[in-house]
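What follows is a set of notes on a single structure, which appears directly below.
Please treat every number below as a calculation from the coordinates, not as lab data. Note that this is a predicted model, so its numbers are computed, not measured. Every residue, glycine among them, receives a Cβ derived from its backbone with ideal geometry; neighbour counts consider all protein chains shown.
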Amino acid sequence: MKLRTLIFLVVAAVAPTMTLAQTICPPTPRYTPCDLIFDGTAPPALQAEFRSPKKETALVKAFDDGVNRKIIRFTPAEAGTYAYRLSDGKTGEFTATEASRPGWLRAANVHHFAAVEGLTLTPHLWMGSTAGDLSSFDLARWKALVDTRAGQHFNHLGVTLVAAGDATAFQSPEFFHAAEEKILYANQHGIIVDLAFMGPDGLMNTLLASHDARQKWFTYALSRLAAFDVTWQGLEAWESYDNGRELLKEIAGYLTELDPYKHTRSSRTSSTTGPLADDGWLRYRSYQTDDAAIGAVEQQVYQYPAVNNFSAGVSDTDEFRRKLWQSTVSGQYPDAAIPNEQAAAQMKIWYEFMADSRHWELEPFFDADGLRGLALEGVEYIIYAEKPGPVTVNLEDHRYDGVWFNPVNGQFVKIKEVKGTVFKGEPPDRSHDWVLRIARDGTKASMLKSYKFESREIVPQVIEGNPDKVPFEMVEPGADSLSLSPGARFAIKLKRESKALSQMLYEWTGEVTVDNRSYRVIGTGANGTFQIPANIAARYPAALHVKVTALNGLGKVYTLDRNYTLNK
């Protein structure tokens, strides 16, 4: 269906100073964008205030759509009669009809997502694919991609709106017409479009160098795009911008002012948006890393959901599947760059398995003898055995149903009833990775009848930072100064030995606090060489704050830090 088929039917009425529209709107399904079109000379600040059947209001600005043509685009969320008042005082009404969709996407239950409508929360199992630059797709190829991904249960497609090649067109109505038609097609097939506004490496600074230019463009772009089913993903590779953090704060201000639907928001990243979590605008964390340490450590620190493109550079299907499940047991939802259709099929299998779980309550679980998993303790345990062998899982004392799940082909192998406080067993074979699910299926079924979205409170843990209680020490770098090149060595030394400490994950971060660019991940693991980006500081030498945060095999988090002088 083309966007123009959703437009209000308009009958023009001539006013002394402008041509306004006397609108007759056909019944419009909820969550479907409609356009009020004004042909003729209209005031530059034309806008409309909409009032829903439940008296909720939203202010929407008009945008230019060519010469002597303005549009006010609005999406109703309630069924019934909407009233609107134009900025010149004229009023009108239209009717929104029922539609089978649960609401706008929001972060929920600390680390998860829900479609929210009033007080009703419907769990959302995010499964996304990053597709690249939106303008690189002609409409036929885009539709083919959407059709394929929708058939595989994908409900997100990540794109970049403005790429370097769009520099001459990105402010034109024609540029937006093409983008809107693709976004609408994805929405009609149940797919939310995750939209990064501009490409990496300072592209926004090149195309929109001044604050006034950015404000004008975002006012225009958001007036056109906010009515669609999207998430906002800021800038592609925000770390590649010297002023990425400040630009994202500025963009967040435009979103607060101009997005009446309050779509959830983050940014595209080279590694992690964890550094932005304390800035107040971010609603979910975005990652691009196959390093399990980054996601696993930060999941225990931050209160936002996490979405990870775990597959950058991965072409082998088996490796892709392993990275998918490693990311999952770290608590992250997948948003992968799909290398081939065999990999997409692995994600379809993942989705069908996870959709049968209480995924919106599962949290990383560590009490599985060297393995990692997810659990709602006493109800459901999902343990990933990447290297299959004997498995021991400590449980709450109940009777459970148990299965081994083959993530390669989606088949289940049932095991005998599990009871007591410990499960011991082994996968059906050792030819590939396996997933163990232990659950009280009857309890899960009864919980689904409850009106409550969650059955427990999720509270991030208090991080242990007392050096006397931290079970390791920083032994490298030993000098007081570091340089960008060659990279400095880093290392920790354990103060004692234990099973939990033998399974530690380490994340090393660096920050030049005075420059307000926030931290960067500069290393992972117990030892290695720092990779410090040159734009971590505005000027050199700089005071670099280095912190190592570690997660032990039982899920306890520790941190130590030290200050250095950083030279080029």
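Could you sort the peptides 163-172, 455-464 by per-residue average Cβ neighbour count (10 Å cutoff), highest mean leading?
Highest mean packing first, the order is 163-172, 455-464.
What is the set of long-range amide H partners of SER267 at a cut-off below 5 Å, with H atoms built 1.01 Å from backbone N?
SER286
How long, wide and thick is the range 299-453, going by the Cα atoms along their three principal axes, in whole angstroms, largest first?
Sorted from largest, the Cα extents of the range 299-453 read 43, 38, 28 Å.
So if I place +1 on the C-beta of Lys and Arg and -1 on the C-beta of Asp and Glu, and nothing else carries charge, what would the dipole magnitude of the chain be about its Cα centre? I want it in debye, nearest 20.
With only Lys, Arg, Asp and Glu charged at Cβ, the dipole is about 600 debye.
Taking only Cα atoms, what is the 0 to 90° angle, nearest 10, from helix 139-151's long axis to the longest principal axis of the chain?
50
List, in order, the whole-Hz ³J(HN,Hα) value for each residue of the range 534-539 obtained from phi through the Karplus relation with A = 6.51, B = -1.76, C = 1.60 and θ = phi - 60°; use x for Gly and Pro.
Listing the rounded values in order: 5, 8, 5, 10, 7, 8 Hz.
Give a residue-ordered list of calculated ³J(HN,Hα) values for the range 425-432 (Karplus: 6.51 cos²θ - 1.76 cosθ + 1.60, θ = phi - 60°; whole Hz; x for Gly, Pro).
x, 8, x, x, 7, 10, 7, 6
State the Cα centre-to-centre distance between the range 442-509 and the range 41-72 in whole Å.
Cα centroid to Cα centroid, the span is 49 Å.
Could you state the orientation-averaged shadow area of the convex hull built on the Cα atoms of the chain, in nm² to one decimal?
Over all viewing directions, the chain projects a mean Cα-hull area of 27.5 nm².
How far is helix 341-354 tilted, in degrees, relative to the longest principal axis of the Cα atoms in the chain, given as a value from 0 to 90 rounded to the nearest 10?
Roughly 80 degrees, rounded to the nearest 10.
For the chain, what's the relative contact order in percent, using C-alpha pairs closer than 8 Å and at least 6 residues apart?
Answer for the chain is 9 percent.
For n ≥ 4 DSSP H runs only, could you compute -39500 (n - 2.57) per run for the chain, divide by its residues and tell me the 222 nm figure to the nearest 500? Can you show the working numbers first?
Values: 9 runs with 107 residues, N = 568.
Calculated at 222 nm, the ellipticity per residue is -6000 deg cm²/dmol.
Looking at the range 126-355, what % of the alpha carbon pairs are farther apart than 22 Å?
In whole percent, the share of Cα-Cα pairs in the range 126-355 beyond 22 Å is 50.
Can you give me the relative contact order of the range 46-194 as a percent, contacts being Cα pairs under 8 Å and 6 or more apart?
Relative contact order comes out at 15 percent.
Quick one: helix 244-258 against the long Cα principal axis of the chain, what's the angle to the nearest 10°, folded into 0 to 90?
That works out to roughly 40 degrees.
Using θ = phi - 60° and the Karplus relation 6.51 cos²θ - 1.76 cosθ + 1.60, list the HN-Hα couplings for the range 115-126 in order, rounded to whole Hz, with x at every Gly or Pro.
Rounded to whole hertz, the list is 7, 10, 9, x, 9, 9, 10, 10, x, 10, 8, 5.
List the residues whose amide H sits under 5 Å from the amide H of PHE365, counting only those 5 or more places along or on another chain, with H placed 1.01 Å from N in the peptide plane.
Distant-sequence amide H within range of PHE365: GLY373, LEU374, ALA375.
Any chance you could tell me what percent of the C-alpha pair distances in the range 425-568 go past 22 Å?
Here the tail beyond 22 Å accounts for 56 percent of pairs.
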